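These notes are about the structure you will find just below.
All of the numbers you see were taken from the coordinates with simple rules; none came from a lab. If you're wondering where the values come from, they're calculated on a predicted model, not measured in any experiment.
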Ligand SMILES: Nc1nc2c(ncn2[C@@H]2O[C@H](COP(=O)(O)OP(=O)(O)OP(=O)(O)O)[C@@H](O)[C@H]2O)c(=O)[nH]1
Ligand SMILES: [Mg+2]
């Protein structure tokens, strides 16, 4: 029905390379399985939409976009925004945890020092 | 000065220049109270200055901001059995001569938090226009939220009783413990009161209100005040 256009080839190749890179990062323990899931899902979507022109055309038609490239961009943008929101959530949580840990560490260190200096309490 | 156990918590970030005189002044003017310095990841000799003054120091390995330092200080106070915790700036702006007046309503059980206020009566405090505007805005917000006026929401000279210090452990604004904190505490049913004080100019070192913070402050505190109002206290 359709030959692979140059765009399709580039998209598909890009998706496969990205997926491989993500998996390699997991293998090297640089990326946790949790985060890799999002990227694997994203690359799958890119690959499917890139290969299947009818599907992309159908989605474009259903959503009323002006062209296939708009659909691709819209999906890409939506994904990026979702990822950024997710990351700010994670970052906030890390911040809260870090805050609590730092305070705990400071108090524990104080307690250890007090014990070491003979439990004299405040006077140091 | 008082029979009750009172701990003055001094949050300090790079305050080696003014800390020694601040601590000496507290000792001279309020000999009955204990002092704790919370060194919030300073890169200067803040900790050494405090130790040389014979004052215990708790050190954060990294900078958390005033809120975090106070939380640490209040937990220390709570665990060491203090009945009242006072927040006092390291830069010498808060005159310890007012400690007795600040502590009185809390020790007498007439309120849970007392705020050293520059505006309860004429105290000759002059702030730049942008700060004055912010202070007006946030005292208006506090009035709307709490139903009564807090004239000086930005004062960092306050006394808190044990119950409040305990609550502050898990519910406390990170960077600017001002209007949002007061709203949260009022919503929990704690009684706030204001005591007139005179504040001085910063003696040395640098103000922590950089331009960036001055721009961030209204946004953060507006949002946090709103959240303090609509969020169910945890
Ligand atoms: N723990 C901690 N304390 C801080 C930090 N920044 C400032 N402080 C302390 O908070 C107190 C008030 O800081 P200031 O910079 O004087 O703020 P201010 O008094 O509201 O403003 P000025 O009128 O400009 O002095 C001082 O005791 C500072 O040492 C910080 O990042 N962490
Ligand atoms: Mg100051």
> Cα extents of the protein assembly as shown along the three principal axes, largest first, in whole Å?
Replying inline: 93, 50, 36
> In whole angstrom, how far apart do the alpha carbon centroids of the stretch B:63-127 and the stretch B:157-234 sit?
Replying inline: 12 Å
> Using Cα-only point scatterers and the Debye equation, what is log10 of I(q)/I(0) for chain B at each q in 0.08 Å⁻¹, rounded to two decimals?
Replying inline: -0.26
>> Compute for the stretch A:51-105: radius of gyration divided by Kirkwood radius, i.e. Rg/Rh, restricted to C-alpha atoms, rounded to two decimals.
In response: 1.40
> How large, in Å, is the stretch B:1-117 by the Kirkwood hydrodynamic radius built from its alpha-carbon pairs?
Replying inline: 14.1 Å
> What is the P(r) of the stretch B:40-102, as percent of Cα-Cα pairs per 10 Å bin from 0?
Replying inline: 18, 48, 32, 2
>> Taking the 0 to 90 degree range and rounding to the nearest ten, how far is the long axis of helix A:68-116 tilted relative to the main principal axis of chain A, both from C-alpha atoms?
In response: 10 degrees
> Please state the relative contact order of chain B as a whole percent: Cα pairs under 8 Å, 6+ residues apart?
Replying inline: 23 percent
> By how many degrees, 0 to 90 and rounded to 10, does the Cα axis of helix A:33-51 deviate from the longest principal axis of chain A?
Replying inline: 10 degrees
>> Tell me whether chain A comes out rounded, prolate or oblate; compute the Cα gyration tensor, take square roots of the eigenvalues as a ≥ b ≥ c, and use a/c under 1.5 as the rounded threshold.
In response: prolate
